[in-house]
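As structure tokens, the structure follows; a few thoughts come after it.
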Amino acid sequence: MKSVARNLLGNASDAEDAVQEAFLKLYRGLAGFKGDAALSSWLYRILVNTCFDMGRRRKRRAENSPAAPEAEAPAFDPPAPGVDPTVGLTIRSSLDRLPPLPRSVFVLYEVEGFKHREIAEILGIAEGTSKHALFSAKKELQARILTSRRWRPES
Amino acid sequence: MTFTCTDLDEALRSEEPGAFEQARVHAQTCPACRESLAVWAEITAAAPGLRQSWESPDLWPRIHQSLAEESQRRAAQEGQWWRHWQMAAATAGLAAVIAIGLVLRGPAPSPAPAPGPESPGVLKGSEDPQRRLLTERALRAVETSEADYVASIEHLAKVAEPLLEKPGTPVLASYREKLQLLDAAIADCRTEIDRNRFNAHLRRELLSIYQEKQRTLRALLEERG
């Protein structure tokens with residue numbers, strides 16, 4: 001859960017706050033839980049929505065404040081052998097420029113390993129919508145990677 | 001039908017192995033599509049590297065604290081003497097259900113070696129050497145949550161004990177009988193769990209019996225008014 005939140009919010013401290021808030025919201029809404037989805041899916045759905053609420057609040061604060069917030073250094077595991085390390089960096093720096101739905105689907109599917117069926121349940125969308133959002137996210141990332149490579153001087 | 005460059009997006013969107021294969025064959029003679037497919041595969045290979053884990057020892061106590069505060073706030077608002085125990089049990093139960101759910105789901109697949117352009121988008125999970133350690137930790141978390149939950153229900157049972165000692169009505173007698181059956185089922189389940197602590201199915205079963213016991217006790221106390 002922390003990893004999902006961190007990839008949606010971009011920093012560990014906000015991610016932990018989001019996880020805490022998600023548990024509290026789940027508890028408050030427990031009476032309204034009808035059992036039409038797994039409780040863990042419901043919790044993830046609350047988490048994703050909480051992350052986007054927090055992201056919006058943070059954006060508003062940043063717009064009202066003259067000082068730019070400090071960006072957290074990107075942190076992630078070393079890439080698998082044979083993977084260009086700049087691809088991971090480009091993905092990381094591009095994630096917050098993706099629209100909310102493609103970004104969530106990309107993080108849940110490609111980063112966290114959920115299946116489209118599970119993502120559909122978590123986000124309350126159709127499986128086809130999840131596939132389309134993933135395609136849209138990867139297409140955008142692909143375009144950014146290809147552009148950065150064309151501008152990169154040959155070594 | 002001949003595969004052309006304009007079919008590439010549809011092949012990637014569909015995620016069907018047959019369409020990928022056609023795209024791969026086409027890419028052998030088309031440098032632009034070959035590059036597109038290669039980058040597509042690189043994204044899939046690099047993405048699991050963005051999965052992050054870090055120690056946050058104070059997070060779970062923080063969550064537990066905020067849930068307990070919320071529970072107390074509600075109990076105070078509603079002013080029902082038994083509500084507090086119900087909420088405390090629900091809090092611990094929620095923690096146990098979620099912890100068990102997360103254990104059952106297990107960790108996400110680890111990053112696999114980068115697939116080449118000939119197999120875009122296909123990753124296979126590999127065994128994480130830390131998995132066993134994580135499972136042990138998760139199990140400890142489950143056992144702690146379980147213990148809290150059980151303690152809350154047993155407290156509720158103590159409150160209901162005087163009613164069950166000499167049940168004055170047939171309804172109370174049937175509640176006592178049901179609770180005895182549930183206690184027997186709990187004892188059986190615990191014996192099985194002692195033989196295999198990692199059996200998530202048994203833990204789920206135990207939790208559902210405890211939930212039934214909680215519901216029964218609540219109904220019993222409501223019956224008394």
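The values are calculated or read from the model by the stated rules, or taken from the named source; none is laboratory data. In this text, all values refer to a predicted model and were calculated from it rather than measured experimentally. All Cβ positions, glycine included, derive from the backbone under ideal geometry; neighbour counts span all protein chains shown. Side chains are part of the model used for accessible areas, which takes the heavy atoms of the whole protein and leaves out ligands, DNA and RNA. Shrake-Rupley method; radii C 1.70, N 1.55, O 1.52, S 1.80 Å.
Could you list, ordered by first residue, the pairs with Cβ atoms under 7 Å in which the first is in the range A:31-51 and more than 12 Å from chain B (Cβ to nearest Cβ) and the second is modelled with pLDDT of 85 or more and surrounded by fewer than 19 Cβ atoms within 10 Å (Cβ to Cβ), at least 6 apart or interchain?
A:R45/A:G124; A:T50/A:K25
Of A:A18, A:A12, A:A22, which residue is at pLDDT 85 or above, within 14 Å of chain B (Cβ to nearest Cβ) and in contact with a Cys (Cβ under 8 Å, 6 or more places away or on another chain)?
A:A18
Given B:T44, B:T2, B:T6, which one is within 17 Å of A:S136 (Cα to Cα), hydroxyl-bearing (S, T, Y) and open to solvent by 30 Å² or more (accessible area, probe 1.4 Å)?
B:T6
Considering only residues that are of a type in the set (G, A, S) and touching a helix residue (DSSP H, G or I) at 6+ places or on another chain (Cβ under 7 Å), which ones fall in the range A:85-104?
A:G88, A:S94, A:S104, listed by residue number.
Look at B:A32 and say whether it is over 30 Å from B:S145 (Cα atoms), modelled with pLDDT of 85 or more and not basic (K, R).
Judged against the criteria, B:A32 is a match.
All but one of (1) open to solvent by less than 70 Å² (accessible area, probe 1.4 Å); (2) without any contact (Cβ under 8 Å) to a residue 40 or more places away in the chain hold for B:A23; state the number of the condition that does not hold.
Checking B:A23 against (1) open to solvent by less than 70 Å² (accessible area, probe 1.4 Å); (2) without any contact (Cβ under 8 Å) to a residue 40 or more places away in the chain, the one that fails is (2).
Is it the case that A:S148 is surrounded by 16 or more Cβ atoms within 10 Å (Cβ to Cβ) and more than 10 Å from chain B (Cβ to nearest Cβ)?
no
Can you work out which of the residues in the range B:28-41 that are within 14 Å of chain A (Cβ to nearest Cβ) and over 11 Å from A:Q142 (Cα atoms) is least open to solvent (accessible area, probe 1.4 Å)?
Ranking the qualifying residues of the range B:28-41, first place goes to B:C33.
Among the residues of the range A:87-138, write down those that are surrounded by 18 or more Cβ atoms within 10 Å (Cβ to Cβ), outside any helix (DSSP H, G or I) and within 12 Å of chain B (Cβ to nearest Cβ).
A:E112, A:G113, A:F114
Please identify the pairs in which a residue from the range A:129-151 that is basic (K, R) has its Cβ atom under 6 Å from the Cβ atom of a residue that is in a helix (DSSP H, G or I) and open to solvent by less than 20 Å² (accessible area, probe 1.4 Å), counting only partners at least 6 apart or on another chain.
The qualifying pairs are A:K131/A:H116; A:K138/B:I43; A:R144/A:S94.
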